[in-house]
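**Q** One structure, as structure tokens, below. Some questions next.
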Amino acid sequence: MCKKIFPVITALFTLLLPVQAMTAPANIIDENFSTTSIGRTMEYLEDRNGTMTLEEVQQNTGWKLNADKAINLGFARSIYWFRFTSVNQLASTESWYFEISYPMLDSLKLYSPDDNGVYSMVETGDHLPFYKRDVDNTGFVFHFVDSPGIKTYYFRIQTTSAISFVPVMMSQKAFFKKINTEIPVFWVYYGLM
């Protein structure tokens with residue numbers, strides 16, 4: 001019974017979301033969730049002066065939907081904000097990872113909501129010590145444990161290098177599989193040096 005009612009409740013919550021958070025398609029977390037490239041479901045907003053706060057970007061109507069699998073804004077002097085929405089359709093909490101594999105970003109601030117909609121911020125980037133990263137990885141990886149429902153995530157990038165990356169959501173199982181595939185390649189590479 002619960003499995004039949006939960007998708008209906010999730011659909012109702014989706015309809016009740018503010019319009020600004022629903023201009024891009026949501027990323028679904030369900031029993032088939034593994035690895036998803038979310039570039040086409042991500043929106044971006046240019047912050048020319050670099051002064052906008054999270055509250056200001058949440059209310060801004062100038063968001064643009066990214067058309068490609070990758071985010072590719074080139075070399076930009078402006079700061080860019082990005083957002084994406086996830087919908088956990090499972091009846092329980094789900095552990096998942098968000099990855100930006102391009103490691104040359106100077107400053108990346110990720111804002112994630114808790115179950116009450118209160119946002120917390122994690123800051124990382126190639127100008128900060130490695131231990132500041134949410135997950136030890138060559139790229140930027142963030143770990144989330146989400147309750148059932150809908151959440152919108154925001155992140156802010158300020159960099160002197162190119163803004164070019166493929167944003168990916170992964171289940172915990174898919175993330176560990178990726179790590180276990182990559183690490184032996186590094187062993188072989190460094191072993192041959």
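The values are calculated or read from the model by the stated rules, or taken from the named source; none is laboratory data. None of the values given here were measured: they were computed from a predicted structure. Heavy atoms of the whole protein, side chains included, go into the accessibility calculation; ligands, DNA and RNA do not. Shrake-Rupley method; radii C 1.70, N 1.55, O 1.52, S 1.80 Å.
**Q** Among 69/132; 151/177; 69/178; 64/151; 109/151, which pairs are too far apart, with a Cα-Cα distance over 21 Å?
**A** Exceeds cut-off: 69/132; 151/177.
**Q** Also: Ranked by accessible surface with a 1.4 Å probe, highest first, in what order do 63, 81 come?
**A** Sorted by accessible area, descending: 63, 81.
**Q** Just the number, please: carbon plus sulfur as a percent of the accessible area of the range 94-168, 1.4 Å probe, no ligands or DNA/RNA counted.
**A** Of all accessible area on the range 94-168, carbon and sulfur atoms account for 50 percent.
**Q** Before I look further, what does the range 92-193 give for accessible area per residue, probe 1.4 Å, in whole square angstrom?
**A** Per-residue accessible area for the range 92-193 comes out at 52 Å².
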